[in-house]
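Visitor: Sharing a structure with you now.
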Amino acid sequence: MLISLPLGIAVSRRPRAAEVLLVVSGVIQTVPSLALLALMVPLLNGTIGFWPAFAALVLYSILPILADTVAGIRGIDGQWSRRCGLGMNDRQRLFRVELPLAAR
């Protein structure tokens, strides 16, 4: 969540960047888990154990959270955001109006 949620919030207003990130995370998701775990071992200086497994699980968790965050924020009716966030700056509107509506 520490990686995917901020990324999803950052790219939710940029369709091209969101598309690229979703494609890249989708490609990572299609790699079989054992192959990704085997790929992590040489990338982490040949260590076997917790860190390669942790890195593989972090990579696998990016797509679902990222896709849901982007879809949730994009799914908000702009009228609600403008009407409820009247007088707020962009950051206040994001945290006080859009994210709570997206979480529904």
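The values are calculated or read from the model by the stated rules, or taken from the named source; none is laboratory data. From a predicted model like this one, the values you see are computed outputs, not experimental measurements. Cβ atoms come from the backbone with ideal geometry, glycine included; neighbour counts cover every protein chain shown. We work out accessible area using only protein heavy atoms, side chains counted, and drop any ligands, DNA or RNA first. Shrake-Rupley method; radii C 1.70, N 1.55, O 1.52, S 1.80 Å.
Visitor: Would you work out which of Cys84, Gly46, Leu59 lies farthest towards the positive end of the dipole of the chain, given +1 charges on the beta-carbon of Lys and Arg and -1 on that of Asp and Glu, about the Cα centre?
Guide: Of the options given, the answer is Cys84.
Visitor: Using heavy-atom solvent-accessible surface (probe 1.4 Å) with all chains present, what is the largest-first order of Glu98, Glu19? It would help to have the intermediate numbers written out before the result.
Guide: Working: Glu98 15, Glu19 100 Å².
Largest accessible area first, the list is Glu19, Glu98.
Visitor: On to the next question. Anything in the chain that counts as a DSSP H helix reaching 24 Å or more along its axis (C-alpha) with Kyte-Doolittle mean of at least 0.5? List them, would you?
Guide: On the way: long enough: 50-74 (36 Å, 1.46).
Membrane-span-like by this criterion, though nothing is claimed about a membrane: 50-74.
Visitor: Given labels modelled 7 Å from the Cα in the Cβ direction, how far is it in nm from Ser61 to Met1?
Guide: 0.9
Visitor: Gain in length, Trp51 to Ile28, computed as 0.36 nm per residue apart minus the alpha-carbon separation, to one decimal in nm? Walk me through the numbers before you get to the answer.
Guide: Numbers: separation 23, 0.36 × 23 = 8.28 nm, distance 1.76 nm.
Stretched fully, the Trp51-Ile28 segment lengthens by 6.5 nm.
Visitor: Now for a different question. Quick one: pull the percent of accessible area on the chain belonging to carbon and sulfur, 1.4 Å probe, ligands and nucleic acids left out.
Guide: Within the chain, the accessible surface is 67 percent carbon and sulfur.
Visitor: Using alpha carbons only, how many angstrom separate the centre of region 42-104 from the centre of region 1-29?
Guide: Centre-to-centre (Cα) distance: 8 Å.
Visitor: Work out, step by step, the length gained on full extension between Asp77 and Ala103: first 0.36 nm times the residue separation, then minus their alpha carbon distance; give nm to one decimal. Could you put the intermediate results ahead of the total?
Guide: Numbers: separation 26, 0.36 × 26 = 9.36 nm, distance 1.35 nm.
So the chain would gain 8.0 nm between Asp77 and Ala103.
Visitor: Still on this structure, please answer the following. D for the chain, whole µm²/s, Stokes-Einstein with Kirkwood Rh over alpha-carbon pairs at 20 °C and 1.002 mPa s: what number?
Guide: Working: Rh = 15.3 Å.
Roughly 140 µm²/s, to the nearest whole number.
Visitor: Please compute the length gained on full extension between Arg16 and Leu37, using 0.36 nm multiplied by the number of residues separating them and subtracting their Cα-Cα distance.
Guide: On the way: separation 21, 0.36 × 21 = 7.56 nm, distance 2.98 nm.
Result: 4.6 nm gained on full extension.
Visitor: Among Thr47, Thr69, what's the order by accessible area (1.4 angstrom probe), most exposed first?
Guide: In descending accessible area the options line up as Thr47, Thr69.
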